[in-house]
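Everything below concerns the one structure shown next.
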Amino acid sequence: LTPQPKIDMASQLQAKAGAVSPTTMIMGRTAVGGTRLTDLFRGGRKNLGGSYVTVLSSVGECGIIESIKWGDDTITFDSNGQVTSPSKYIDNMWMCYKNGSWTQTALNIETQTTMVSYFTNPTEWTSNHRALGCMVCMLYFRLDAECFKDNWHDPIFLVDANAVTLTDPRTGTTATGAARYNPAVWYYSYGQKFVSANTKHMAGLGWVSSQIDATQISYWANICDTNSWTIAGEIVCDSANNNDILRAIARAGGGEIATRNGKLSASIAASKTSVGTITEDDLSGKITWKSAVNAVERPNRLIPRFLSEANGF
């Protein structure tokens, strides 16, 4: 399940404008609209080249941008920022991005792409604009291209946050592979903190490992692995809603916030293995209706919330 504390799930797909505040973080693999830092830069031949900068995550090294959704089209790029599909955008759109390192250099199309024959790096975006700790992307366009006629959109970025530094409670070391998508591993890591290059507290509760129940959360992490439960979504890192964020992360793995012996722990509300599958037969049958039913007689409801990639997130 995708955690979305205090905001509508669709809002993470909407492009926002302004400064990188509050801090945002991507968990797992999901789609985001990001925060637009600039208006459209114009330049190049006859001033028909355009570009703008979007920040997708701002808590350090994040991962990779797999593709972008442009209207009804899914566009992928090669390592040089060139479009690989669909063909109508080739030589009409380019992408350059940094994954959020605290030591990264500024975006520069002259070293990453071959579109310099059309226009150069925007003069407004200098080598001082490094966006340290931010996954930052610059999209470039030939504004006179036929493919953009009546086809201009805010892009949605599909990001795999496979480089976020997480701690696996089962080993006490940096999480790798599938553990990066495990809800319990995220719960344990968010209970601690994410810091900048100068150790400034950027996100998380700030508890030290000795204050967190690693044994219980490790048990929970194994349950998540057994059931192939993963986490994906965007969170707004604000100390005022830390409790909501932690609860949303916990629920992605069938858990709830708990304390044990004064330590941050979790109660596991899910079975260790799947107890069954709901089929059409379970939903069919004679329909009955009562015009007035006492609250205690009403059935409980399970209302799952998740983003479906097959349905455009």
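For segment 63-199, with all protein chains in place and a probe radius of 1.4 Å, 46% of the accessible heavy-atom surface sits on carbon or sulfur. With the simple spin-label model, which puts each label point 7 Å out from Cα in the Cβ direction, the residue 198 to residue 15 separation comes to 3.2 nm. Can you flag which of 98/200; 69/263; 16/200; 16/263 are past 31 Å Cα-Cα? Beyond 31 Å: 69/263; 16/263.
Compactness of segment 119-226 was expressed as the Cα radius of gyration divided by 2.2 N^0.38 Å, which yields 1.54. I need the calculated FRET efficiency for the pair residue 282 and residue 306, taking r as the beta carbon distance and R₀ as 22 Å, to the nearest 0.05. FRET efficiency, residue 282 to residue 306: 0.65.
Excluding ligands, DNA and RNA, the accessible surface per residue across segment 199-241 is 47 Å² with a 1.4 Å probe. Using the Cβ-Cβ distance between residue 123 and residue 151 with R0 set to 22 Å, the FRET efficiency works out to roughly 0.20. Taking a straight line from the alpha carbon of residue 46, these aspartates and glutamates sit under 13 Å away, with near neighbours fewer than eight places off in the same chain left out: 144. The loop-placed chymotrypsin sites (Phe, Trp or Tyr not before Pro) in segment 148-219, going by DSSP, that have at most 16 neighbouring Cβ atoms within 10 Å of their Cβ come out as 152, 207.
What whole-number distance in Å separates the alpha-carbon centres of segment 208-259 and segment 125-186? The distance from the Cα centre of segment 208-259 to that of segment 125-186 comes to 22 Å. Which shape class applies to segment 53-210: rounded if a/c is under 1.5, otherwise prolate when a/b exceeds b/c and oblate if not, where a ≥ b ≥ c are the square roots of the Cα gyration tensor eigenvalues? Prolate, since a/c reaches 1.5 and a/b exceeds b/c. With N the number of residues in segment 182-223, Rg(Cα) / (2.2 N^0.38 Å) evaluates to 1.23.
The values are calculated or read from the model by the stated rules, or taken from the named source; none is laboratory data. Owing to the predicted nature of the structure, the values given are computational and were not obtained by experimental measurement. No Cβ is skipped: glycine too gets one built from the backbone with ideal geometry, and neighbour counts run over all protein chains shown. What goes into the accessible areas is simple: the full protein's heavy atoms, side chains included, and nothing from ligands, DNA or RNA. Shrake-Rupley method; radii C 1.70, N 1.55, O 1.52, S 1.80 Å.
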